[in-house]
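Worksheet for the structure shown next.
Where a number appears in this text, it was derived from the coordinates with a stated rule and is not lab data. Note that the structure is predicted; figures quoted are calculated from it, not measured. As a convention, Cβ positions derive from the backbone with ideal geometry for all residues, glycine included, and neighbour counts pool all protein chains shown.
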Amino acid sequence: MRIEHQCPRCGAPVLLEETDRLLTCDFCKTRLYMQPRDYFRYSFAPADPFLEHVIYVPYWRFRGIHFSCRTSGVMNGILDKTFLAIESKHFTQTLGLRPQTLKLRFVQPADNARFIPPGIPFEKSFVEAKRDVTYETVTVHETRFVRRGTQGDYTEVPITRKELREERIYHEAFVADTMSLIYTPMFVRNGRFHDAVLNEPIFEGPPVYESFPYEVFSGGWAVDFLPTLCPECGWDTIAERDSCVLFCNTCNSAWGTDGQGLKRVAFRTAPSEKVPEGSVRRYLPFWRIRVDLEGLKLDCYADLVRLGNLPRVMRPSWEEPPFFFWTPAFRMTPAVYRRMSKQFTIANVSGEFDDRLPDAPIQSVNLTAQDALDSLTTIMADLAINKKKILPLLPDIKMTLREALLVLFPVTETDHEYIQPDIKCSFLKNALEQGKNI
Ligand SMILES: [Zn+2]
Ligand SMILES: [Zn+2]
């Protein structure tokens, strides 16, 4: 999805991606942090720019990583759904390929334009799997030994048998998800709705009158553009177009947003024994998360060793809380995200961290602590050795965020890979490239 917007300072056109949080104007070099009051609202432009009395029809859009813990194992995928946000038989239920092929813009005030309010509130349940339990018939191949007569030899007879297998979904999670509202323009002619992008009636047949409530553009829909200057010292912060955390090298601080401006984010830099000094060219950010857990005992590292049946000689100090989960703070392909969360959590990183920002570049932080929290139940299911025992517990597990710390780890790199030698973890660089588009 591509969004065209005019630079708020000089008016030059800027092309944005759906995942962008920073608007950078190539013309006047302005950098602004984009913050909607609730979610982003976009619209397609009518083919006729002078069209009046435009009616905008709302569609919910949802995109993100989907994790599900089910009888057959932990699964992941990418969900990309657009669906009509009102009850109506008139309009198509999805926007089809339109969001990929046409440029969008932020919803703007316009004379005589009316917006149909989303009659169906967005709930994650719309994008979740519809049924908790499904049954599928699977073919089981077996061999039976049959004896000919009482004295004969045994011969192998292959048989196939149909078996009903239950597939139950115990937990679903969405990570790195974006939810937005897309309006598509219409106009009414001869009592019939016309698509204002294609300039044609939206369905053939007799005119049907359907009345909708309407609203006009509200100031609360506008996107706020915040300066990317450090709130502490006023210097420029360092951030990429999709960053949700901005770093200030001048006063050594990190900033995130909570919908009401920039707020300080706690961070540390991990030292490395195995990355040769001077050879570090990049740092990768991870969330270290501490939660209060109900429904499962995981208070200390020893609990994790038991849960995962890890091949470790138990140490008394491991019985002491706290226990920390670790997840990448940058977008990756879902399978690699799960594997790295597992490896970092098992690594039980401890010791002193540095409270200064590193000299080398930091990979853009584009997953929030909330994203990390949303993924933890899945990571826990991944870590458990006895899935049959853990899976039924998942629906009753409650987690409350207690502490989130951003920790920056140095990595070495080859042509194709990033390597963190202290944790013995590596991944292909293209997992990062592909993850950026989620
Ligand atoms: Zn500009
Ligand atoms: Zn600063």
(request) Can you put Thr19, Thr377 in order of Cβ neighbours within 10 angstrom, beginning with the fewest? (result) Thr19, Thr377
(message) Of Phe174, Tyr283, Val133, which is farthest towards the positive pole of the chain's charge dipole, taken about the Cα centre with +1 and -1 on the beta-carbons of Lys, Arg and Asp, Glu respectively?
(response) Val133
(request) Can you tell me the order of 356-369, 139-152, 164-177 when each peptide is scored by its average per-residue count of other Cβ atoms within 10 angstrom, highest first? (result) 356-369, 164-177, 139-152
(request) Taking the Cα atoms of the chain, report the difference between the largest and smallest coordinate on each principal axis, in whole Å and largest first. (result) 88, 75, 42
(message) I need to check one value: relative contact order of the stretch 217-360, counting alpha carbon pairs closer than 8 Å and at least 6 residues apart, in percent.
(response) 21 percent
(request) With a 10 Å radius around each residue's Cβ, average the other Cβ atoms per peptide and rank 407-420, 384-397, 333-346, highest first. (result) 333-346, 407-420, 384-397
(request) Fewest Cβ neighbours within 10 Å first, please rank Phe267, Phe50 accordingly. (result) Phe50, Phe267
(message) Around Glu4, under 11 Å between beta carbons, what's the net of Lys plus Arg minus Asp minus Glu among the other residues?
(response) +3
(message) Place a point 7 Å from Cα of Cys10 in the direction of its Cβ. Which residues in the stretch 23-49 have their backbone N less than 17 Å from it?
(response) 23-33
(request) Taking the Cβ of each residue in Met380, Met186 as the centre, tally the other Cβ atoms inside 10 Å and list the residues starting with the fewest. (result) Met186, Met380
(request) Identify which of Cys248, Cys28, Cys230 has the largest mean-square fluctuation in a Gaussian network model of the chain, with springs joining Cα atoms closer than 10 Å. (result) Cys28
(message) Given contacts defined as C-alpha pairs under 8 Å and at least six residues apart, what's the relative contact order of the chain, whole-number percent?
(response) 18 percent
(request) Show that you can apply the helix-only estimate: for the chain, add -39,500 (n - 2.57) for every DSSP H stretch of four or more residues, divide by all residues, and state [θ] at 222 nm to the nearest 500. (result) -3500 deg cm²/dmol
(message) I'd like the projected area of the stretch 266-436, averaged over all directions, using the convex hull of its alpha carbons. Report it in nm² with one decimal.
(response) 10.1 nm²
(message) Quick check: Cα centre of the stretch 228-298 to Cα centre of the stretch 361-393, how many Å?
(response) 19 Å
(message) In whole Hz and in residue order, list the ³J(HN,Hα) couplings for the stretch 85-90 that follow from phi through the Karplus curve 6.51 cos²θ - 1.76 cosθ + 1.60, θ = phi - 60°; x for Gly and Pro.
(response) 9, 10, 7, 6, 8, 5
(request) Any lysines with Cα under 24 Å of the Lys429 Cα? List them, leaving off those in the same chain fewer than 8 positions away. (result) Lys274, Lys342
(request) Restricting attention to the chain, give the cysteines that have no other cysteine Cβ less than 4.7 angstrom from their Cβ. (result) Cys69, Cys244, Cys300, Cys425
